[in-house]
Amino acid sequence: MYQYAAVDQNLVEARVKQFREQLERYQEGLLPEDSFKTLRLQNGVYIQTHAPMLRVAIPYGTLSSTQLRKLAQIARTYDKGYGHFTTRQNIQFNWPTLESVPDILEELSVVQMHAIQTSGNCVRNTTTDPFAGATVDEAIDPRVICELIRQWSTFHHEYAYLPRKFKIAVVATELDRAAIEVHDIGIRLKRHSIHGLAFDLWVGGGLGRTPVIGKLLFADLPFTELRNWLNAVLRIYNLYGRRDNKYKARIKILVNSVGLNTFRELVSNRYHKDRKDALVVKSEDVTTLASMFQVNLQPEPEEYQPEIPEFYRWYKNATKPHRVNGYRLVVISLKRPDVAPGDLSAELMDVVASLADRFSQSEIRTTHDQNLVLPHVHTKDLFSLWEALSNQGLAYPNVGLISDVIACPGLDFCSLANAPTLSLADAIHQEFASLEEQINIGPLEIKISGCMNACGHHHIGHIGILGVDKKGTPWYQLTVGGRDQKGAVLGERIGPAVEHDEVIPLIRRIIDRFMEERAPNEWFVDYVTRIGVEPLKAAAYAIDYA
């Protein structure tokens, strides 16, 4: 776990004091609404349908058990007893009072947490592979690079008021578990014959109102120049990005408007003009940071796993290979029947924290698909962990299956949403209640957004669901074939929007068609790629198709 330096702690504590004073001035009428809005957003505070919402940063998705217990305490004391884990690897509290936010921020600072830059037109929380540091094929633990970016971008005077929010994702494996191609900047770290450690740089990806797959800007750049290249991209964006229309302010719009080659030339020229030795990444800095993320795991023989069907099903779906022999990564699904995707009660946060202490070096990860990970579990402990999770209803083995649904809070909470999302997620659980059927269907990602802002990432769902408004009534538009791995692809719309009660029957007809026609060992997203959209449109809308 990264431990704050003194400067980190001082900055966080100073920000808490500053925001407390800003809130007092606002409540006394000395700070106008528009001015306060900017300040509260810089501290992760939104005003939602029912109450303020506070978004707390979980840098690169890594939590200690102590931090998770603090989040549980905050949920009990200041909220309604639960938190919501998001697709940005953060956590949101949906029911705090505005007056309580400075107290919450002060509580967070005690355990080296904050809500800085979780909102606003700045560099947001940098996300990464939730298996970072524990997977065998990575070039380097990408959290080290995320921490370098965090230190560089936090309170950066030039990038505090960008044209629009800015999101960065980092991976260090060929398999992309952080969706780097749908970020403003995506970084893939890799080993290189000349540079030793190098990176490929994607730019201009993003979802929302105008979904765009990012473009490869440069390949095989020397890792030591990472911050100089990031600086060049952000400076060009800050100079040329639109500020007159928030819907056209993201960097993806700029890249598309000037063209990739022109944008590449602008960035290259800016890099050579502004390059600073102070931004060069030094090997000793990497070594120091890497040491803070290391855990002491000794390779041991794999332990035999009991032949109990329920346990084996969980073992197969919810555990993943680890870089150290004798260990496994364990995914805890937060997608259970009758619970909103990503929600976890304070009591269960305490349970997970205790299990992390007992089984996983006191470490927990959050994922961009709204689940949790215990990254370092010895195989000899897997059965005991499964029993403990089962006793708490947390061993639901649907990871990566059709009921492992990503969903934004939707109309139930969000003032921007057009349609409910949580009721659809629960309806999917009911329709596909049989785990045996889910396993037979195989990997299938359903992602639901309540509006075009696409917080549920519906554009890159194998099946995407978008809530739309029709004369004050919520309807839903479906897409198929999206993905964020093996080269990101945006899903294609399969037909007209349907009402709430038609969504699940429509999905059922799509799945039935897939199960009838799939090739041996073919997964749904590959099936869609093979046959195209038209046959599925015919199946979904019960159209005769020849």
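The values are calculated or read from the model by the stated rules, or taken from the named source; none is laboratory data. Everything numeric in this text was worked out from a predicted model, so none of it was measured. Ideal geometry is used to build each Cβ from the backbone, glycine not excepted, and the neighbour counts take in all protein chains shown.
Brief remarks on what is shown
- Only a single criterion out of (1) in contact with a Leu (Cβ under 8 Å, 6 or more places away or on another chain); (2) at pLDDT 95 or above; (3) of a type outside the set (V, I, T) is not satisfied by Q305, namely (2).
- Considering only residues in segment 154-193 that are free of Cβ contacts under 8 Å to residues at least 24 places away in the same chain and over 24 Å from T62 (Cβ atoms), the one that is farthest from the chain's Cα centre (by Cα) turns out to be S193.
Yes or no, residue by residue, for (1) out of contact with any Gly (no Cβ under 6 Å at 6 or more places or on another chain); (2) acidic (D, E); (3) not in a strand (DSSP E or B):
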| position | (1), (2), (3) |
| --- | --- |
| H272 | yes, no, yes |
| A278 | yes, no, yes |
| S291 | yes, no, yes |
| R323 | yes, no, yes |
| L329 | yes, no, no |
| D338 | yes, yes, yes |
| M349 | yes, no, yes |
| I364 | yes, no, no |
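- Of all residues in segment 314-329, those satisfying the criterion of being over 15 Å from S384 (Cβ atoms) and within 26 Å of the chain's Cα centre (by Cα) are K316, N317, K320, P321, H322, R323, V324, L329.
- Evaluated against (1) over 16 Å from V405 (Cβ atoms); (2) of a type in the set (D, E, K, R); (3) more than 26 Å from the chain's Cα centre (by Cα), R508 falls short on exactly one condition, (1).
- Screening the candidates V233, V212, V255, V203 for the property of being under 21 Å from the mean Cα position of the chain (by Cα) and crowded, with 23+ Cβ neighbours inside 10 Å yields one hit, V203.
- Residue that is nearest to F93 (Cα to Cα) [pool: residues in segment 392-417 that are touching a Pro at 6+ places or on another chain (Cβ under 6 Å) and assigned to a loop (DSSP other than H, G, I, E, B)]: V405
- Total residues in segment 68-102, condition of a type in the set (A, V, I, L, M, F, W, C) and farther than 16 Å from V352 by Cβ: 4
- G120, sole failed condition from (1) assigned to a strand (DSSP E or B); (2) at pLDDT below 95: (1)
- Restricted to segment 357-378, and to residues there that are surrounded by 23 or more Cβ atoms within 10 Å (Cβ to Cβ) and hydrophobic (A, V, I, L, M, F, W, C), the residue that is farthest from T62 (Cα to Cα) is V377.
- Among (1) over 22 Å from the mean Cα position of the chain (by Cα); (2) crowded, with 20+ Cβ neighbours inside 10 Å - the single one R25 does not satisfy: (2)
- Top-ranked residue of segment 151-174 - restricted to ones that are of a type in the set (A, V, I, L, M, F, W, C) and modelled with pLDDT of 95 or more, ranked as surrounded by the fewest Cβ atoms within 10 Å (Cβ to Cβ): W152
- All positions within segment 421-437 that are farther than 13 Å from D338 by Cβ and either in contact with a Cys (Cβ under 9 Å, 6 or more places away or on another chain) or surrounded by 21 or more Cβ atoms within 10 Å (Cβ to Cβ) (or both): T421, L424, F432
- Residue in segment 236-247 that is farthest from V489 (Cα to Cα), counting only those that are without any contact (Cβ under 8 Å) to a residue 24 or more places away in the chain and either buried (at least 17 other Cβ atoms within 10 Å of the Cβ) or not charged (D, E, K, R) (or both): L239
- Taking the criterion of being polar (S, T, N, Q) and in contact with an Asp or Glu (Cβ under 7 Å, 6 or more places away or on another chain), the only residue of segment 189-237 that qualifies is N231.
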